[in-house]
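Below is one structure, written out as C-alpha cells, with a few remarks after it.
Read-outs: derived from the displayed coordinates by stated rules, not from any lab. Here the structure is a predicted model, which is why all the values come from computation and not from measurement. As a convention, Cβ positions derive from the backbone with ideal geometry for all residues, glycine included, and neighbour counts pool all protein chains shown.
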C-alpha cells in the first residue's frame, strides 16, 4: 500500500525541477515543496486508500463493489437525487446570489452593508442548524409558518420541508453565499476604467452590465455556482435531517448508511464515493473548459472604487426583495434558534413565563463535552484555516506562476474533497492513518488533517482567485529590480492579495468551526468539538440546549468574522499604498 | 475479520435457545416470552449483599484513576450512575455516548486497529455483542453483581450480561389523538393516521430489529399498512418524542418506552401504551474489553453499574433493569404483565441484509443495506 502511495507522490515533481527558478532561490523550492508534501499526505494519500477501499483492498479484492455502486436501483436513485440537488442548488445559487451581489456591490440600494453581512450570516449558520430551524418553521403540521398559513384558512397549502424541494431550498439558502461572495468580490474589483470606456463610447447602463461587467465577473459566477452545486452534494446535515425523514436518499446518506452500521461496509462506501468524485471531476472540467481562454486580470494594483448605479425609485422595492432573501436565509432561522435557546419549552411562544438562561448553563457549565467542544473547535478552526491557506497559496502559486509539470493535477486533486462528503473523507483518513507509523488516529491531529483536507478546495480556489487578481507584471518588476522571491511574495504578492486572502481564510475558518460530518467519525474522548456536542444533544432531543450551544457558536463566529473583516479592511488600505512602494 | 465473524457468530444461538427452553416458547424467530424477570426470583436477598462486592482489585483500580465507558444509554441516566461512583472511589469515569450501532462499530473499528480505548462497552444490541464476542475482544467476567440477572439474560461464557430491557411502545400526542388513543398495533394502520405517524431508525437500520419482530409476529402487511400512511422517520426515539410533543406528528410506533415515560413524567402532552397482543423488546448488554487500558477500574465500575444501587438509578431514569430484584419504573407495568416478543439475534444477524433490504422496499429510504 505504502509503495503505491509513494508512487503517486513520485508522479508529481516537488518544485526541484523548476527550470525558470533562478539559482539560489532554494527557499522557493523548499517552501513550495513542503506545502506539496503536506498536501499530498493530507489528500493524496487518504484518497489512495479510498480507491483501494473501493476495490475491496485489503482482503476482499473485487470489482464487484464498483459495479454494484453503479447498478443497484437504490444507488441509481440516490445518484439521480444527488445530481438534481446539485443542479437545483447551482441554479438557485446564481438566481439568488448574483442579483443580490450586484445590488450590494454596485447599486445604491439602502442597507446594502446590512444585507451583505446577513448573507454572510446565512453562510455562517451551519446547515444542520438551518435544517433544525426549518423543521421548526416549516414542519408540515406544527411549523410556525405552516400554522400561520393554516390560520388564514387556505387549506391544503402547507409547505412540507421534508421533501426533495425542501432539501434543495435549505441547502441553497446556505450555499448561495458562495456565488454571492465570489461575484461580489469580482464586481468590486472590476477595473472601473473598462466601464468608464464603455460609458464614454455611449453604452447604456444595461448594455454595460451585459457586455462588460457580467462577462468580466462570469468566472466568479460560474465558479461560485459550481462550488455551490458540488458543496450541496456533500452537505450531509440537511440531507439527513430533511431528506431521510421523507425516505429520500442521496449519495452521502447511502454512504453514511454503509458506514455507520457494523461491520462497516468500507468497500461499498468507497465505491459510492468514487462515483461522487467522478461527478465532481466532470463539473470541474466543465468549468475549466469554459474559463480556459479568458483573462481574469482586472486589477492592476490600483485601489480605485467603481461608481454605484443610482437606482432612483427602484431603491426600496429592491431592498424589499433583498430583505426577503436574507429573512429566509438567515434572520428567520437564527431568530428561531435564539428564541429556542432562551425558552424553557421551545414549542411555546417566548413569553416572560417561558424565558430562561438555564439552557446556557446546561450547555456551558453542566455539560463538559460542550465546554471542551467550544475550545477544541476554536483552536482547530484557526489552525486548519491558517494551514489550509498556506498550502492553498502554494498550490495556487504553482498553478499560476510556474510551468511546473503536474501543477494541474494538484489543482484537480485540491478540488476533490469538495465532492467527498465529510463522512467519506473521514473514512479515507481512518483507513489511511490507522496504519500510519505516527500516532495520528485517535488524536486531535486527525481532526486537523480532516479539516485542512476538507477546506482545501476553498483555500486553493480562494488563493487562486486572490492571485489571479494580481497582475504578474508587478512581481516581474520586483524581480527585475533585484528583489528575491521571498521578498516579492512578502512585499508585493501578499499585500495586494491580502484582503481577498483573509476573506478566503474566513471562508475556511467558519465551516471548520462547525464541521460535523467528518468529525463525528474521527473524534474521541477529549477531542469533542462544538458540532459533536450539538449533534449528540440533538439526537437526545434536547433542542433548547442545542439552540443555546448554537447561539454560542454563532456569537463566536460573528466576533471572529468582524475581527477578520476589520483586519482585511486595514489590508485594503495597504493595497492602495502598493504603487508607492 | 468479516469472514471470521460470519463463520462464528452467526451460527450461534447464545441466550435465546436457553430462553426458549426455559419458557417453552414457540418455534420461529420470535419467541413469546413470559415473565422474564421472575425467572430468577429469589435471588433478591443475596443480591443485596453482592451489591458491595467486587471482583476487582480496588487499590489497583484507584491507581489506574480513570475508566472509559462506551455507551448508548441516555446521558442523563449515565451521568446519574457515574456520579456516586466517582465520589466513592475517586476514579474518573469518562464516556463516549452514541447510538447502539455507533458504539459497536467504534469498538470494532478500534479493535481492528488494535487501538482499544474503551474499558467497558454498553449497547442496546445483543447482536453487536455476539459480533464482538466472535472476534474475541470481550473479556469473560463473572461479576458478583450479576447474580440477580436471570440465566437467560446473559452469555453463558460471561463475556456480556444484559443490563436493561427496552420495550417498543406506541406513543401519541394527547391533544391530537383525543379520546380514542391507539391501543393496538393495527390501530395505527387506520387512514386517520395518514401523514400523522412517526417512527425511528438511524441510517444504519438500528430501528430494524423491532420492526422485524413486529412483522414476524403480526405479518408484513402490518408494516406495509404503516408505510401506506407515509410515516415520518427520524434517527432516535428522543426525536420521535420531540415531534410528538410539538404536535408535528400525532402518534409513533415502536418508540422506546423510557423516552415515552420521561416525556409523560415531564408533563408533556404525550402518553404511551404497550399493546396487549405483544411488545417487541430489546436487550441492552454490558461487557468488558480484553485489552482495556484500565482493567481493574473497569471491573470495579462494571460491578457498580450492575449492582442493585447502580441499576436502581437506571430504573429511576425510566428503564427496566435486567435485575430480577428491582421494580419497574414508576407507573409502568411489571414485565411479567406484558407479552414480550424477543428476536433471535443470531438468526437476525444471519439474515440482516435481506431483512433491511425488505424494510427498504417497504418504507423506502436508507436502512444501511
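Tabulated results
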{"item": "Radius of gyration and Dmax over the Cα atoms of the stretch B:187-245, both given in Å", "result": "11.5, 30"}
{"item": "√(5λ) per eigenvalue of the Cα gyration tensor, the stretch A:370-436, largest first, Å", "result": "28, 18, 10"}
{"item": "Förster radius 60 Å - calculated FRET efficiency between residue A:366 and residue A:205, Cβ distance, rounded to 0.05", "result": "0.55"}
{"item": "5 Å binning of all Cα-Cα separations within the stretch B:258-316, expressed as whole percents from 0 upward", "result": "4, 13, 15, 16, 16, 13, 10, 7, 5, 1"}
{"item": "Rounded D (µm²/s) - the stretch A:478-538, Kirkwood Rh over Cα pairs, Stokes-Einstein at 4 °C, 1.567 mPa s", "result": "88 µm²/s"}
{"item": "Interatomic Cα distance distribution for the stretch B:157-263, bins of 5 angstrom, percent", "result": "2, 13, 23, 26, 19, 9, 4, 2, 1, 1"}
{"item": "Size descriptor, Kirkwood hydrodynamic radius, that averages inverse alpha-carbon separations across the stretch A:38-113, Å", "result": "16.6 Å"}
{"item": "Three semi-axes of the equivalent ellipsoid, the stretch A:85-221, Cα gyration tensor, whole Å, largest first", "result": "37, 15, 14"}
{"item": "Rounded to 5, the percent of DSSP beta bridges in the protein assembly as shown classed as antiparallel", "result": "65 percent"}
{"item": "Square roots of five times the Cα gyration tensor eigenvalues for the stretch B:205-327, Å", "result": "32, 19, 15"}
{"item": "Mean Cα-pair separation over length for chain B, i.e. relative contact order, pairs under 8 Å, 6 or more apart, %", "result": "30 percent"}
{"item": "Peptide A:258-270 - average C-beta neighbours from other chains (10 Å radius)", "result": "6"}
{"item": "Viscosity 1.306 mPa s, temperature 10 °C, Stokes-Einstein D of the stretch B:147-187 from Kirkwood C-alpha radius, µm²/s", "result": "116 µm²/s"}
{"item": "Three-way shape call for the stretch A:442-492 based on the alpha-carbon gyration tensor, with the a/c threshold at 1.5", "result": "oblate"}
{"item": "The stretch A:108-166, Cα convex hull volume normalised per residue, Å³", "result": "124 Å³"}
{"item": "Mean-position separation - Cα centroids, the stretch A:474-542 and the stretch B:125-190, in angstrom", "result": "46 Å"}
{"item": "Shielding by partners, peptide B:96-109 (average Cβ within 10 angstrom, other chains)", "result": "4"}
{"item": "log₁₀ of I(q)/I(0) at q = 0.09, 0.11, 0.13 Å⁻¹ - the stretch A:298-448, Debye sum with one point per alpha carbon", "result": "-0.66, -0.92, -1.07"}
{"item": "Alpha-carbon spread of the stretch A:202-290, three principal axes, descending order, Å", "result": "69, 28, 13"}
{"item": "Principal axis dimensions, largest first and in whole angstrom, of the stretch A:158-228 by Cα", "result": "53, 23, 14"}
{"item": "Estimated [θ] at 222 nm from DSSP helical runs (n ≥ 4, -39500 (n - 2.57)) normalised by residues in chain B, nearest 500", "result": "-12000 deg cm²/dmol"}
{"item": "Relative contact order (percent, whole number), the stretch A:150-268, Cα cutoff 8 Å, 6+ residue spacing", "result": "33 percent"}
{"item": "Largest to smallest principal axis extent of the C-alpha atoms in the protein assembly as shown, angstrom", "result": "98, 69, 53"}
{"item": "Chain B: Rg to Rh, with Rh as the Kirkwood radius over Cα pairs", "result": "0.96"}
{"item": "Interatomic Cα distance distribution for the stretch A:60-100, bins of 5 angstrom, percent", "result": "5, 21, 14, 15, 12, 10, 8, 7, 4, 2, 0"}
{"item": "Expected 222 nm ellipticity per residue - DSSP helices of 4 or more, -39500 (n - 2.57), all of chain A, to 500", "result": "-21500 deg cm²/dmol"}
{"item": "Stokes-Einstein translational diffusion, the stretch B:305-346 - Kirkwood Rh over all Cα pairs, 1.306 mPa s, 10 °C, in µm²/s", "result": "140 µm²/s"}
{"item": "Theoretical FRET efficiency, 1/(1+(r/R0)^6), r = Cβ-Cβ of residue A:409 and residue B:316, R0 60 Å, to 0.05", "result": "0.45"}
{"item": "Degrees between helix B:75-89 axis and first principal axis of chain B (Cα, 0 to 90, nearest 10)", "result": "10 degrees"}
